[in-house]
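Here the structure is laid out as structure tokens; the discussion comes afterwards.
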Amino acid sequence: MPLSHNNHRRTLTQFLIEERRRFPGASGDFNALILDVAIACKAIARAVAFGELGGVMGNHAAEEGGSVNVQGETQKKLDVLSNEVFIRRTEWAGNLAGMASEEMDVPYQIPGQYPRGKYLLVFDPLDGSSNIDVNVSVGSIFSVLRAPKDLDDMPRDQQRDVTEADFFQPGAKQVAAGYALYGPTTMLVLTVGDGVNGFTLDPTLGEFMLTHPHIQIPVDTHEFAINASNARFWEAPVKRYVDECLAGKPGPRAKDFNMRWIASMVAEAHRILMRGGVFLYPRDTKDATKPGRLRLLYEANPIGMIMEQAGGRASTGEVPMLGVQPTSLHQRIGLVFGSKNEVERIERYHADPVKHELDNPLFAERSLFRS
Ligand code: AHG
Ligand code: MN
Ligand code: MN
């Protein structure tokens, strides 16, 4: 298809303006915020694309202000840079009351010289950052919440600071969620609660163009994603599910499955949006202090909203992800998402694990994950 075909495509800006026409009373703040987030993502895409040439590979040096984040993870230079880009591109405009991020222990307060607005922005500035140095896809994930009312009732100089508790809203309350994927092409995938749309960055125009309208996830799949090195720590329902997939055609599922693990959740989410599949990073027994690997507020909730808006499903394994009441900013949680029928099956296995374990011949001595 010739490139000139793209003249007919809608830009992200056009898409947002046309969406807003459906809400004549809307102030435009929300659109302005999303466009600022999009600029942040473009800046991060550029930094990622320059790779070694940009001098941004490797770990963040301790002498430059620390190298371990609140989760006890080593920060990459690009984690820190991406966090900074998100802040600088969004703090000034008067759309935000505060922000929270994987890379900041506590909420970020909008500096006094800028007006504050009615939204909260929560983000994972760079997801999959263990993949940066090996040139595998990474991305940014973001979630937009409404700030509590009392925050914008007051004149600016009398407003209280945002607190952690202001962010403790279940995923169902998200106003919007999205991610950018820095892969062979850069894409922005966005939901404002009315389906999911995908935009591809035209690097010469510097614009995100609507290339994937109304994304729908196939309800069935024969592809799953899980870090199998954790198998010995999985709970029975997860073991059962994976065993049944691995058993393939002769097994209880009567079909062969394919397995993928990129170790960038955002890239797995995108693959699943495009062609179906199921992703599991379940709660396990590896570390009693960590109920799961991924974080509720800036990983599970935004990806969960996108999945549900695309006709998929997101769950803790036991309950719908978007109903979970957060209790801390960096809370971890078991996460299962993707093709609806598959996620529902995993939820059924959790609902009655004992019965299923007894019923399941794979849990006898020939279990594939049993030593
Ligand atoms: P982050 O880079 O933001 O810390 O997130 C990494 C996450 C996620 O992207 C991925 O699915 C998972 O960690 C990878 O876990 P393993 O190291 O167990 O493969
Ligand atoms: Mn992440
Ligand atoms: Mn991250």
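The values are calculated or read from the model by the stated rules, or taken from the named source; none is laboratory data. Computed from a predicted structure; not experimentally measured. Cβ coordinates were reconstructed from backbone atoms using ideal geometry, including for glycine residues, and neighbour counts include every protein chain displayed. Please note that ligands, DNA and RNA were not included when accessible areas were found on the heavy atoms of the full protein model with its side chains. Shrake-Rupley method; radii C 1.70, N 1.55, O 1.52, S 1.80 Å.
Can you name every residue in segment 22-46 that is over 22 Å from Q174 (Cβ atoms) and either open to solvent by 20 Å² or more (accessible area, probe 1.4 Å) or modelled with pLDDT under 95 (or both)? Give the steps one after another, and end with the answer.
Our first condition is that a residue be over 22 Å from Q174 (Cβ atoms); within segment 22-46, this holds for 24, 42-43, 45-46.
Residues satisfying the conditions are P24, K42, A43, R46.
Return a yes/no flag: does segment 300-311 have any residue that is part of a strand (DSSP E or B) and within 16 Å of ligand 3 (Cβ to nearest atom).
no
Is it the case that R271 is in contact with a Lys or Arg (Cβ under 9 Å, 6 or more places away or on another chain), crowded, with 17+ Cβ neighbours inside 10 Å, free of Cβ contacts under 8 Å to residues at least 60 places away in the same chain and on the phi < 0 side of the Ramachandran plot?
Working: in contact with a Lys or Arg (Cβ under 9 Å, 6 or more places away or on another chain): yes; crowded, with 17+ Cβ neighbours inside 10 Å: yes; free of Cβ contacts under 8 Å to residues at least 60 places away in the same chain: yes; on the phi < 0 side of the Ramachandran plot: yes.
Yes.
Counting only residues that are within 16 Å of ligand 1 (Cβ to nearest atom) and farther than 18 Å from G178 by Cα, which one in segment 104-128 is least open to solvent (accessible area, probe 1.4 Å)?
From segment 104-128, those within 16 Å of ligand 1 (Cβ to nearest atom) are 104-105, 122-128; that's our starting set.
Imposing the further condition that a residue be farther than 18 Å from G178 by Cα reduces the set to 104-105.
Numbers: M104: 27, D105: 88 Å².
Selected residue: M104.
Which one of the conditions (1) over 22 Å from H214 (Cα atoms); (2) open to solvent by 30 Å² or more (accessible area, probe 1.4 Å); (3) modelled with pLDDT of 95 or more does K355 fail to meet, given that it meets all the rest?
If we test K355 against (1) over 22 Å from H214 (Cα atoms); (2) open to solvent by 30 Å² or more (accessible area, probe 1.4 Å); (3) modelled with pLDDT of 95 or more, just (3) comes out false.
Check whether at least one residue in segment 244-256 is modelled with pLDDT of 95 or more, part of a loop (DSSP other than H, G, I, E, B), open to solvent by less than 10 Å² (accessible area, probe 1.4 Å) and within 25 Å of G178 (Cα to Cα), and report yes or no.
Residues of segment 244-256 modelled with pLDDT of 95 or more: 244-256.
Now restrict to residues that are part of a loop (DSSP other than H, G, I, E, B): 248-256.
Imposing the further condition that a residue be open to solvent by less than 10 Å² (accessible area, probe 1.4 Å) reduces the set to 248.
Still in the running and within 25 Å of G178 (Cα to Cα): none.
No, that holds for no residue.
Please specify each residue of segment 59-84 satisfying the condition of being open to solvent by less than 40 Å² (accessible area, probe 1.4 Å), within 16 Å of ligand 3 (Cβ to nearest atom), out of contact with any strand residue (DSSP E or B) (no Cβ under 7 Å at 6 or more places or on another chain) and of a type outside the set (S, T, N, Q).
At the first step, the residues of segment 59-84 found to be open to solvent by less than 40 Å² (accessible area, probe 1.4 Å) are 60-61, 66-67, 69, 71, 75-76, 78-79, 82-83.
When the remaining residues are screened for being within 16 Å of ligand 3 (Cβ to nearest atom), the result is 60, 66-67, 69, 71, 75-76, 78-79, 82-83.
Checking which are out of contact with any strand residue (DSSP E or B) (no Cβ under 7 Å at 6 or more places or on another chain) leaves us with 66, 69, 71.
Listed by number, the list holds a single entry, G66.
From the list P107, P125, which residue is within 10 Å of ligand 3 (Cβ to nearest atom) and not aromatic (F, W, Y)? Show your work before the answer.
Details: P107 fails: within 10 Å of ligand 3 (Cβ to nearest atom).
The match here is P125.
Take the conditions more than 16 Å from ligand 1 (Cβ to nearest atom), open to solvent by 60 Å² or more (accessible area, probe 1.4 Å) and not charged (D, E, K, R) and apply them to Q169. Does it pass? Don't jump to the end; show me each part of the working.
Details: more than 16 Å from ligand 1 (Cβ to nearest atom): yes; open to solvent by 60 Å² or more (accessible area, probe 1.4 Å): no; not charged (D, E, K, R): yes.
The answer is no for Q169.
If you scan segment 5-21, which residues turn out to be open to solvent by 20 Å² or more (accessible area, probe 1.4 Å) and closer than 17 Å to D202 by Cα?
Within segment 5-21, H5, N6, N7, H8, R9, R10, T11, T13, Q14 meet the criteria.
What do you reckon, is K255 touching a residue at least 40 places away in the same chain (Cβ under 8 Å) and of a type outside the set (F, W, Y)?
Numbers: touching a residue at least 40 places away in the same chain (Cβ under 8 Å): no; of a type outside the set (F, W, Y): yes.
Criteria not met by K255.
When only residues in segment 317-344 that are charged (D, E, K, R) and farther than 14 Å from P282 by Cα count, which is surrounded by the fewest Cβ atoms within 10 Å (Cβ to Cβ)? Walk me through it before giving the result.
Of segment 317-344, the ones charged (D, E, K, R) are 318, 332, 340, 342, 344.
Next, from what is left, pick out any that are farther than 14 Å from P282 by Cα: 340, 342, 344.
Values: K340: 21, E342: 28, E344: 13.
That would be E344.
With the requirement that a residue be open to solvent by less than 20 Å² (accessible area, probe 1.4 Å) and of a type in the set (D, E), what does segment 172-195 give you?
none
Sort out which residues of segment 263-285 are within 16 Å of ligand 2 (Cβ to nearest atom), part of a strand (DSSP E or B) and of a type in the set (A, V, I, L, M, F, W, C), and write them in order of number.
F279, L280
Return only the number of the condition from (1) more than 22 Å from I303 (Cβ to Cβ); (2) in contact with a strand residue (DSSP E or B) (Cβ under 8 Å, 6 or more places away or on another chain) that I272 does not satisfy.
Looking at each condition in turn, I272 falls short on (1).
Considering only residues that are of a type outside the set (A, V, I, L, M, F, W, C), in contact with a Pro (Cβ under 9 Å, 6 or more places away or on another chain) and open to solvent by less than 20 Å² (accessible area, probe 1.4 Å), which ones fall in segment 196-238? Explain how you work it out, then say what you get.
First, the residues of segment 196-238 that are of a type outside the set (A, V, I, L, M, F, W, C): 197-198, 200, 202-204, 206-207, 211-214, 216, 218, 220-223, 227, 229-230, 232, 235, 237.
This time we only want the ones that are in contact with a Pro (Cβ under 9 Å, 6 or more places away or on another chain), so: 197-198, 230, 235, 237.
Scanning segment 196-238 gives N197, G198, N230, P237.
Scan segment 47-58 for residues that are free of Cβ contacts under 8 Å to residues at least 12 places away in the same chain, under 21 Å from G206 (Cα atoms) and open to solvent by 70 Å² or more (accessible area, probe 1.4 Å) and jot them down.
F50, L53
Could you grab me the full set of residues in segment 297-325 that are in contact with a Lys or Arg (Cβ under 7 Å, 6 or more places away or on another chain) and closer than 14 Å to S143 by Cα?
M307
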